[in-house]
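First up is the structure itself, then whatever we jot down about it.
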Amino acid sequence: MALRTFLRTLGPGAPSVDTVVTTARVRPGAPLQCEVTVRGGGADLDVERLRLELVVRAEDLEPDGSTGWNNPYVVTETAVGPFRLPQGGTVVRRIALDVPWEMPLTHERGLRLSGSRVAVRTELAVDSAADKGDFDEIEVHALPAQELLFQVYQDLGFRFHESEVKLGRERWPDRMKDRRTAPFWQELDFWFPASWNRGTQELETVLITRPDALDVHPGGYPPVTLPAGEPDRAAWRQAVEEHIRSYWA
């Protein structure tokens with residue numbers, strides 16, 4: 001997977017940037033490894049910074065409601081520099097981006113989650129002019145505990161509809177007992193099973209993932225907390241169903 005962008009702001013003979021994401025499939029909590037090659041143009045340049053950004057499509061930043069993402073949200077970033085780029089020379093930097101535990105998912109059990117988009121974006125700043133490259137999309141796959149939660153929902157008859165990333169620390173009611181550490185969250189929308197007599201109503205579910213546990217918030221209510229180590233499918237199904245029915249009987 002590669003991204004190529006030319007720094008048009010610097011005119012003819014500008015340097016080029018080639019970013020290769022060597023781990024294009026990652027999981028929350030793991031590093032994302034990238035290699036960036038900067039090739040010099042027609043003159044020596046002093047590069048102020050080379051920055052990689054891990055970005056997501058956030059519903060709040062796309063007011064037209066489209067599936068595009070003209071204004072992505074930066075989850076994390078890493079910068080290197082300054083450094084000298086000689087005329088016609090090459091500089092290679094290996095950069096790792098830390099993928100947070102609460103990173104929005106794009107895939108679960110190998111299936112694409114509708115509405116989820118994650119990418120790496122490269123920025124090169126020279127002489128106070130910054131050039132941002134195009135998005136280089138990657139896949140964020142669910143952890144085993146997260147995959148089991150999707151399986152439990154499926155066992156209970158829920159059908160996944162779509163995913164949305166929301167922003168803000170102050171938007172959760174007190175009753176949700178918020179344990180987030182990130183200023184964003186991923187909302188997973190599921191259709192209720194027909195047997196629950198909810199018609200076309202959806203159950204909005206938020207997963208807050210930590211190394212040792214998973215908080216499952218159904219429909220804006222407090223979470224049921226499930227241990228991440230050696231999860232038991234039958235026990236999880238019972239706990240999740242009882243918790244949801246306590247609010248959605």
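The values are calculated or read from the model by the stated rules, or taken from the named source; none is laboratory data. Predicted model, so just to flag it, every value in this text is computed and none were measured. As a convention, Cβ positions derive from the backbone with ideal geometry for all residues, glycine included, and neighbour counts pool all protein chains shown.
Details
- Any hit, the stretch 192-201, residues being closer than 26 Å to W69 by Cβ and either among the basic types (K, R) or not assigned by TED's automatic domain parsing to the domain that holds R109 (or both): no
- The lone exception for V224 - which of (1) in contact with a helix residue (DSSP H, G or I) (Cβ under 9 Å, 6 or more places away or on another chain); (2) in contact (Cβ under 8 Å) with a residue 60 or more places away in the chain; (3) not hydroxyl-bearing (S, T, Y) it fails: (2)
- Number of the condition not met by T106 [criteria: (1) within 19 Å of E62 (Cα to Cα); (2) in the same structural domain as V56 (by TED's automatic domain parsing); (3) free of Cβ contacts under 8 Å to residues at least 60 places away in the same chain; (4) more than 13 Å from the chain's Cα centre (by Cα)]: (4)
- Residues that are touching a Gly at 6+ places or on another chain (Cβ under 9 Å) and either modelled with pLDDT of 85 or more or among the small types (G, A, S) (or both), drawn from the stretch 12-30: G13, A14, S16, V17, T19
- Once the stretch 144-180 is narrowed to residues that are assigned to a loop (DSSP other than H, G, I, E, B) and modelled with pLDDT of 90 or more, the residue that is surrounded by the fewest Cβ atoms within 10 Å (Cβ to Cβ) is G157.
- Looking only at the stretch 96-110, residues that are in contact with an Asp or Glu (Cβ under 9 Å, 6 or more places away or on another chain) and surrounded by fewer than 19 Cβ atoms within 10 Å (Cβ to Cβ) come to 2 in all.
- Yes/no for L124 being in a strand (DSSP E or B), of a type in the set (A, V, I, L, M), over 16 Å from I208 (Cα atoms) and in contact with a Cys (Cβ under 8 Å, 6 or more places away or on another chain): no
- Take the conditions (1) assigned to a strand (DSSP E or B); (2) at pLDDT below 95; (3) of a type outside the set (F, W, Y); (4) assigned by TED's automatic domain parsing to the domain that holds E35; V92 misses just one of them, which is (2).
- Members of the stretch 181-202 that are closer than 23 Å to E62 by Cα and in a strand (DSSP E or B): F184, W185, Q186, E187, L188, D189, F190, E202
- The stretch 111-143, subset under 17 Å from the mean Cα position of the chain (by Cα) and surrounded by fewer than 14 Cβ atoms within 10 Å (Cβ to Cβ), residue modelled with the lowest pLDDT: D134
- Residue within the stretch 229-239 that is under 23 Å from L143 (Cα atoms) and part of a strand (DSSP E or B) present: no
- Scanning the stretch 221-243 for residues that are surrounded by 14 or more Cβ atoms within 10 Å (Cβ to Cβ) and of a type in the set (G, A, S) yields A228, A239.
- Qualifying residue in the stretch 200-211 (condition: farther than 25 Å from P72 by Cα, surrounded by 15 or more Cβ atoms within 10 Å (Cβ to Cβ) and out of contact with any Cys (no Cβ under 9 Å at 6 or more places or on another chain)): yes
- Taking the criterion of being buried (at least 18 other Cβ atoms within 10 Å of the Cβ) and touching a Pro at 6+ places or on another chain (Cβ under 7 Å), the only residue of the stretch 181-197 that qualifies is Q186.
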